Amino acid sequence: MTVPLDVPELSGSVVRLEKLAVCHAADLAEAAAGEREAFGFTWVPHGEAAVLDYVRTQLGRVGMIPFAQVSTGTGRAVGSTSLFNFRALPGRAGPFAVEIGFTWVAGAAQRTGVNVEAKLLLLTYAFEQLGVERVEFKTDARNERSRRALAGLGAQFEGVLRRFSQSWAPGEDGLLRDSAMYSVTAAEWPACREHLRGRLGRCDDSYRDGEGARQKPALAQARSRSASPKASAGPTAPGGRTPSAAARAAAQASIGAVNE
């Protein structure tokens, strides 16, 4: 199967997903140099040279489409995310499944709606443009922050696969980790989409990006603008219903969490 490399720029109200490029390296180096408390279980480069190597590595991965998460308020990259692990079946023209991962957001851009809207944009593209049946996420099973965030997005917890993925935890170079697996299926997508739009409308607008008080109406408009890309962790309840109020509150505290 040929990976659909012609993915367009995906634009929302608070974030724009641009194809990752070397020109994003300086912004990403600054973003990664800030608050790093949330990065304990994922690969987030530190330092200009490391970030440049990161960008080149991601661009060189076969079957991966990496993006820079660019703040629409400042025009600067504040994190990265990727589509990868496309899977197809014989006789099917496009992929039936894809994974979203290698996601991180600068500490200063957390709790701003960036992560929620980026997921909404990617999920919309995957289900409504690529026509996949399933979108997957995985994270280090020890990363409770990321697991809460994935559950808060409306993804279903599918279990833990032991010694499944490379560990990114400090001091664990070359070791394997247990990975917690999550997914959203095509049948669950409509309810998940509405849940994410609601989340985006309620996001904290405390991130001041030069737009000041204009940030709040921009977040409110995201309900409709994120509906189509062209305009630009515990399970949910059975049947694709949105998480409980307690789950949403827990996830709200970890909007900027990372996963892969």
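Taken together, the values in this text are just the output of simple stated rules run on the coordinates, not laboratory data. It should be emphasised that the depicted structure is a prediction, and the values quoted were computed from it without experimental measurement. Note that we place each Cβ from the backbone using ideal geometry, even for glycine, and neighbour counts take in every protein chain shown.
Quick look at the values:
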quantity: Student exercise, segment 43-142 dipole from Lys, Arg, Asp, Glu Cβ charges, in Debye to nearest 20; calculated: 80
quantity: Leading residue at positive end of dipole, segment 13-143 (Cβ point charges), from TYR54, VAL98, ASN143; calculated: VAL98
quantity: ³J(HN,Hα), Karplus 6.51/-1.76/1.60, whole Hz, each residue of segment 123-131, x for Gly, Pro; calculated: 5, 4, 4, 5, 7, 9, 10, 7, x
quantity: Peptides 110-117, 188-195, 173-180 ordered by average Cβ neighbours within 10 Å, highest first; calculated: 110-117, 188-195, 173-180
quantity: Relative contact order computed over segment 94-205 (Cα-Cα under 8 Å; 6+ residues apart), in percent; calculated: 32
